[in-house]
Ligand code: 13P
Ligand code: SF4
């Protein structure tokens, strides 16, 4: 059996030999974050993917993120450790149903959260991430009606924040919907000086009690810049690795989930199907590869470019 150190050494050698770059999301396991050339949230990763110089991109995240890297880099080989790294938001918005849904709302501007498939992006006017969603909504003329998909929780948050009345698709993230308000309040009572921070994919009742709401990078920056020393973190537990590295003396407490009594943290099972071993194997085999038709790439690129041009 290969040790983590062996695997890391082999990955670094292969990466050099094949002129590959490893991009990873903050929700990846620690060993993957440590070996990656770049770790970021979904906006930073799509921006980074559009600037990559290497021949091969190994994308350690979930599949829609790797597809985005392929769309902005159609001539590069994009490979993933495991094709089963899905996402409940992307899976919960099938293109056929979404097309039928859109027929009810002609003349609406279609804004989709980046957590959707490439095919859904072909039906989109502009993409957004949790980092820039308010800015994207703000770029659309006031009198223009909007359809927002697929995350209803992020959608409700944006309606409250921007005052825009948007039509929402009924999708959600199974990880961010797992937080328990009751347990969160009990935890806060034990740590009354803590700052509660939450990702906007969380349900409205969780966001209502949060002191700060932001994307993965937004939360990392908030904790880094805050003078407080205790935080209750309502998002995927993978973020705690970088947060603790940035803030070795601060206390970071994962927000409790509804179901799990033994472990307080919420982990995205999709993100965690990727392992260092699979990453090594995919780099060795240059497979599984993300393949998309030219027509999908061309159509999906436009709404991504519109988003990237805004920032
Ligand atoms: P970020 O945009 O914050 O990276 O979020 C991606 C995601 O999948 C959250 O669950
Ligand atoms: Fe998708 Fe939720 Fe996992 Fe993010 S945490 S990848 S939104 S299932």
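Mean shadow of the range 1-120, computed from the convex hull of its alpha carbons, in nm²? Don't skip to the end; give the middle numbers.
Numbers: hull surface 34.6 nm².
It is 8.6 nm².
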Residue order, fewest to most beta carbons within 10 Å, for 287, 50: 287, 50
Against the rule of thumb 2.2 N^0.38 Å, how large the Cα Rg of the range 109-211 comes out: 1.18
Cα-projected label distance for residue 295 with residue 84, points at 7 Å along beta-carbon direction, nm: 3.2
Convex hull projection area averaged over all views, the chain, Cα basis, nm²: 16.5
Coordinate range along principal axes, alpha carbons of the range 184-223, Å, largest first: 27, 21, 10
Footprinting exposure proxy for 157, 188, 105 (fewest neighbouring C-beta atoms within 10 Å first): 105, 188, 157
Convex hull volume per residue in cubic angstrom - Cα atoms of the range 219-311: 188
Segment residue 99-residue 251, length gained on full extension (0.36 nm per residue, minus Cα span): 50.1 nm
Angstrom value of the Kirkwood radius, inverse mean 1/r, which spans all Cα pairs in the range 205-269: 12.4
CD proxy at 222 nm, helix term only [per DSSP H run n ≥ 4: -39500 (n - 2.57); per residue of the chain; nearest 500]: -12000 deg cm²/dmol
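Considering only DSSP beta bridges whose two residues both sit in the chain, what percent are antiparallel, to the nearest 5?
5
We did not get these values from a lab; they are worked out from the coordinates using the rules stated. Predicted model, so just to flag it, every value in this text is computed and none were measured. Glycine gets a Cβ as well: all are built from the backbone with ideal geometry, and neighbour counts include every protein chain shown.
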